[in-house]
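The values are calculated or read from the model by the stated rules, or taken from the named source; none is laboratory data. Keep in mind that this is a model prediction, so the values were computed, not measured. Cβ atoms come from the backbone with ideal geometry, glycine included; neighbour counts cover every protein chain shown. Please note that ligands, DNA and RNA were not included when accessible areas were found on the heavy atoms of the full protein model with its side chains. Shrake-Rupley method; radii C 1.70, N 1.55, O 1.52, S 1.80 Å.
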Amino acid sequence: MSRLANLRFRAATAFQRRVANPLTRRLPGHTLLETTGRVSGLPRRTPVGGRRVGESFWLVSEFGGRSQYVRNIEADPRVRVRIHGRWHSGTAHLLPDDDPVARMRTLPRFNSAAVRAFGTDLLTVRVDLDA
């Protein structure tokens, strides 16, 4: 990773961890992804932008394998997603062969713009929701 990309990653994650995520987690209508912490075993809730399509929820991680929630998914793919205030259980799949830029065209524009602006290693994630 280039020096500029590393600086952008560190600045964005610090802002998200300390400011944006704590505020956004409290908003009732915002989408949350709940993973199980790979070390602690505790639930970890991360605000995400994405879209439900049928029985799947799609999102794009802006930092790919460096995102903590992606690392948690690698350790345990069972997740929950809060969509419009309702929790849904499911299994997350990391899709490195999917085109994340094309995928973002199908997702909410505001979030996709932020992912595009700050992202350094885009990765598509699909959550297959339980029936």
Label-point gap, in nm, between Asp128 and Val53 - each point 7 angstrom along Cα→Cβ: 1.6
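Considering Cα pairs under 8 angstrom that are at least six residues apart, work out the relative contact order of segment 27-131 and quote it in whole percent.
Numbers: 214 pairs, mean separation 36.8, N = 105.
Dividing the mean separation by the residue count of segment 27-131 yields 35 percent.
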What whole-number value in cubic angstrom gives the convex hull volume per residue for the C-alpha atoms of segment 58-100? 81
For segment 60-108, calculate the relative contact order in percent as a whole number, restricting contacts to Cα pairs under 8 Å that are 6 or more residues apart. 29
In terms of modelled amide H atoms, which long-range or inter-chain residues lie less than 5 Å from the amide H of Ile83? His88
Could you sort Arg51, Arg86 by their accessible area in this structure, using a 1.4 Å probe and putting the largest first? Arg86, Arg51
For segment 45-56, Karplus-derived ³J(HN,Hα) couplings (6.51, -1.76, 1.60; θ = phi - 60°; whole Hz; x for glycine and proline) come out as 10, 10, x, 9, x, x, 8, 7, 10, x, 9, 10
Descending packing, highest mean Cβ count within 10 Å first, for 90-102, 65-77 is 65-77, 90-102
